Every structure is written in structure tokens, then in C-alpha cells.
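The values are calculated or read from the model by the stated rules, or taken from the named source; none is laboratory data. These numbers come from a predicted model, not from an experiment. Here the Cβ is made from the backbone with ideal geometry for all residues, glycine too, and neighbour counts use every protein chain on show. The area values use the complete protein model at the heavy-atom level, side chains included, leaving out ligands, DNA and RNA. Shrake-Rupley method; radii C 1.70, N 1.55, O 1.52, S 1.80 Å.
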Amino acid sequence: MAKAARRKAQQQQHQQKNHQYILWGVIALVVLGLGVVWLMSRNTTTSSMPPEISVEEAVAKQEAGAFILDVREPDEWNEAHISGATLVPLGELASRVNELPKDKEIVVVCRSGNRSAQARDLLVNQGFTQVTSMAGGLNQWKAAGYPTVSGQ
């Protein structure tokens, strides 16, 4: 009889341990699920435009009324820029986003495409939903034979 009682006690302990493992498993799944939800909610804003477009697509967007944002430095701008573009150097962009239209498509331009991609990402993270970067930058624009203007 003592053997049976011992066996029953061992079975109960085993069941208790199983219940503890199940409980910890459920807790771990809940914590993991909450972490995934939190990570996904951190940046739900995305652009409705492709991340990068060609010079030809940028020209078409400009002709359709898109806002052309040049994020180069003033000396680069003075040498040559796209007519009708607006200059906001990348280093100033975060503090000047309120100057940009949220109701228009924005095509971001720089010299070669690197700074414009950074600016695009910054704007998307600031809630802009219609923003893209022009591949190849002003270098590619000029190589394709599109006109530029100089000075302020």
C-alpha cells in the first residue's frame, strides 16, 4: 500500500510539473506575441510609392505636379539644380519637415542617390506616405540630358 501511495504522489508531482511547464510556455508565448505586436506597431507608416524611381519616372512625376525636394548642400545647389525644386539640405531636414507638403508626391533628389534615400526614409518615418528617391541623383539627371539651372 505504501508503494501505491508513493506512486500516486509521484504521479501528482509529475502532473504538477507538467502544469508548470505548460503555464510557463503559455506565458512565454504571450510575451513573445506582445513583443511582435510592439515591434510591428513601431513603424506602420510606409510609402505608397516605390522606394526608388528612375530619372524618367521623376520627370513624369514632376510634370504631373510632384514636389521635387533637393537635399544637397547650398553650394551644390548653386552649381546646378532641377528647375522648380526646393532645397532643404539633409542635415536640416528633420527640423524642417513642416515645410513639406503632405498632400503631394515628393521625389527626393541628391547628387548620386545616397542622401536622397536617407531623406526618403526619414520622411517615411515622419509619416509622409507619398515619398520616393530618384535613383542616380542629379548626376543621372544630367547624364540623361535633362536641363538644370544654376544659382539661387
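For this structure, a couple of remarks:
- Length released on extending from E73 to E99, taking residue separation times 0.36 nm less the Cα-Cα span: 7.6 nm
- Beta bridges by DSSP in the stretch 24-152, antiparallel share as percent, to the nearest 5: 10
- Exposure rank, largest accessible area first [S116, S48; 1.4 Å]: S48, S116
- Gain on full stretching of the segment that runs from Q11 to T129 - 0.36 nm per residue minus C-alpha separation: 36.5 nm
- W141, W24, reordered so the largest accessible area comes first (probe 1.4 Å): W24, W141
- Coarse-grained scattering of the stretch 62-152 at q = 0.21, 0.25 Å⁻¹, given as base-10 log I(q)/I(0) from a Debye sum over alpha-carbon atoms: -0.99, -1.39
- Lys, Arg +1 and Asp, Glu -1 on Cβ, resulting dipole of the chain about Cα centre, debye, nearest 20: 1960
- Positive end of the dipole of the chain (Cβ unit charges, origin at the Cα centre): among M134, H14, V30, the Cα lying farthest that way belongs to H14.
- With the convex hull drawn around the C-alpha atoms of the chain, the volume per residue stands at 151 Å³.
- Dividing the mean sequence gap of close Cα pairs (under 8 Å, 6+ apart) by how many residues the stretch 43-152 holds gives a relative contact order of 40 percent.
- Two-site label geometry, T86 and A28: point separation in nm, points 7 Å out along Cα→Cβ: 5.2
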